[in-house]
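Q: Got a structure for you, questions after.
The values are calculated or read from the model by the stated rules, or taken from the named source; none is laboratory data. If you're wondering where the values come from, they're calculated on a predicted model, not measured in any experiment. Cβ coordinates were reconstructed from backbone atoms using ideal geometry, including for glycine residues, and neighbour counts include every protein chain displayed.
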């Protein structure tokens, strides 16, 4: 049941339009110039927001893979910066989101609950 809910929410956010527009549809056809445009200096561009999303979903994916076991300090402002071209950024976003879909689809709910319980019992610093 949890797996189905996670997959449904992932798909709704990534590439299935429902009562809101999915990420993939929202950036479809957006040029690099349009993605970089900012209405004001203190407002993030589409590109910056996409880089921020990529940073965090990739980070959680790496944690799920077991590649990140220790907390790392992150300056949140740096998560909006990415040296890739707009097309490369979108390709990476697709790759990470598709891997998440595969991982969620093959999720063993019993194992997931054990990991969830461990994370609740073990302080984040020790993980």
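Q: Could you go through region 13-36 and let me know if any residue there is under 12 Å from the mean Cα position of the chain (by Cα) and either exposed (fewer than 11 other Cβ atoms within 10 Å of the Cβ) or without any contact (Cβ under 8 Å) to a residue 12 or more places away in the chain (or both).
A: The answer is yes; a qualifying residue exists.
Q: Closer than 30 Å to residue 108 by Cβ, surrounded by 12 or more Cβ atoms within 10 Å (Cβ to Cβ) and at pLDDT 90 or above: is that true of residue 57 in this structure?
A: yes
Q: Continuing with this model, one more query. Evaluate the following for residue 73: is it assigned to a loop (DSSP other than H, G, I, E, B) and either more than 12 Å from the chain's Cα centre (by Cα) or touching a residue at least 40 places away in the same chain (Cβ under 8 Å) (or both)?
A: In short, yes.
Q: Residue 83 versus (1) in a helix (DSSP H, G or I); (2) over 27 Å from residue 11 (Cβ atoms); (3) modelled with pLDDT under 95: which is the lone unmet condition?
A: (1)
Q: Closer than 14 Å to residue 100 by Cβ, crowded, with 16+ Cβ neighbours inside 10 Å, modelled with pLDDT of 90 or more and in contact with a helix residue (DSSP H, G or I) (Cβ under 6 Å, 6 or more places away or on another chain), is that true of residue 6?
A: Here the answer is no, as residue 6 does not meet what is asked.
Q: Of all residues in region 60-81, which are loosely packed, with under 10 Cβ neighbours inside 10 Å and closer than 21 Å to residue 94 by Cβ?
A: Selection gives 67 alone.
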